[in-house]
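The values are calculated or read from the model by the stated rules, or taken from the named source; none is laboratory data. Keep in mind the model is a prediction, meaning the values are calculated, not measured. We place every Cβ from the backbone using ideal geometry, glycine too, and count neighbours over all the protein chains shown.
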Amino acid sequence: MNPRLISIQAGLPRVVKWQGQDVRTGIFKSPVGRRVQLRALNLEGDKQGDLSVHGGPNKAVYAYPSEHYEYWREELPEEELPWGSFGENFTIEGLREHDVFVGDRFRIGTAEVIVTQPRMPCYKLNLKFNRHDMLKRFLRSQRFGFYLRVLQEGEVGAGDEMVLLGRDERGVPIAGMISRYVSRKLEDAG
């Protein structure tokens, strides 16, 4: 069975207070209960809050495996964790970081996407969960999800299969990129 899209989330940027500062963020996403247009730079009804580090063609859509939610429910039993809790646009099933490579192409609904890179977490996870340790927890978990570039715009909806159209023989596994990133971060932290 092919992996599938189980939920779609979108949201517009908002300004929130964090450590006494106004921070503009698009990490707050809400479920979209209908089919939507997937466009070159984002999903219909969605925008990124800080285009210097989020968004653009190579980060048009953020996908996060639903299987990771079980881990987070054990880690954060006091938190409600609806789909989209980690700022993802697509909550997916059946495709984790060790299964996917940079350059993998998928058809979802009438759209075509390509995997570009893992999500690199930032302090806005702390802000989203209103806790100072969330970024560290996310790094330790190595459950980052990944970004998609839109090759062909189209319509997508919850329940759509993610049909693998091709794999780059030289593609780097997303899990390997995450592991190297975390190792480097831990080395830098001393």
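Taken over the stretch 139-149, the residue count meeting the criterion of being surrounded by 21 or more Cβ atoms within 10 Å (Cβ to Cβ) and either touching a Lys or Arg at 6+ places or on another chain (Cβ under 7 Å) or modelled with pLDDT under 95 (or both) is 4. Against the test of being over 25 Å from Arg180 (Cβ atoms), of a type outside the set (Ser, Thr, Tyr) and out of contact with any strand residue (DSSP E or B) (no Cβ under 6 Å at 6 or more places or on another chain), the options Glu78, Glu67, Glu93 yield a single qualifying residue, Glu78.
Taking each residue of the stretch 164-190 that is closer than 30 Å to Ala111 by Cβ and looking for partners that are at pLDDT 90 or above and among the aliphatic types (A, V, I, L, M) with beta-carbon atoms closer than 6 Å, six or more apart or interchain, yields Gly171/Val102; Val172/Val102; Ile174/Val100. Apart from one condition, Arg34 fits all of (1) touching a residue at least 12 places away in the same chain (Cβ under 8 Å); (2) surrounded by 13 or more Cβ atoms within 10 Å (Cβ to Cβ); (3) not small (Gly, Ala, Ser); the exception is (2). Scanning the stretch 46-82 for residues that are closer than 25 Å to Val15 by Cα, surrounded by 17 or more Cβ atoms within 10 Å (Cβ to Cβ) and of a type in the set (Gly, Ala, Ser) yields Gly49, Gly55, Ala60, Ala63.
Beta carbons closer than 6 Å, at least 6 apart along the sequence or on distinct chains, pair a first residue in the stretch 97-122 that is touching a residue at least 12 places away in the same chain (Cβ under 8 Å) with a second that is part of a helix (DSSP H, G or I) and among the polar types (S, T, N, Q) for Thr116/Asn58.
For the stretch 51-84, residues that are within 24 Å of Val36 (Cβ to Cβ), touching a residue at least 40 places away in the same chain (Cβ under 8 Å) and of a type in the set (Ser, Thr, Tyr) total 3. Set side by side, the residues Asp104, Asp168, Asp133, Asp188 differ, and just one is under 23 Å from Gly26 (Cβ atoms) and among the acidic types (Asp, Glu), which is Asp133.
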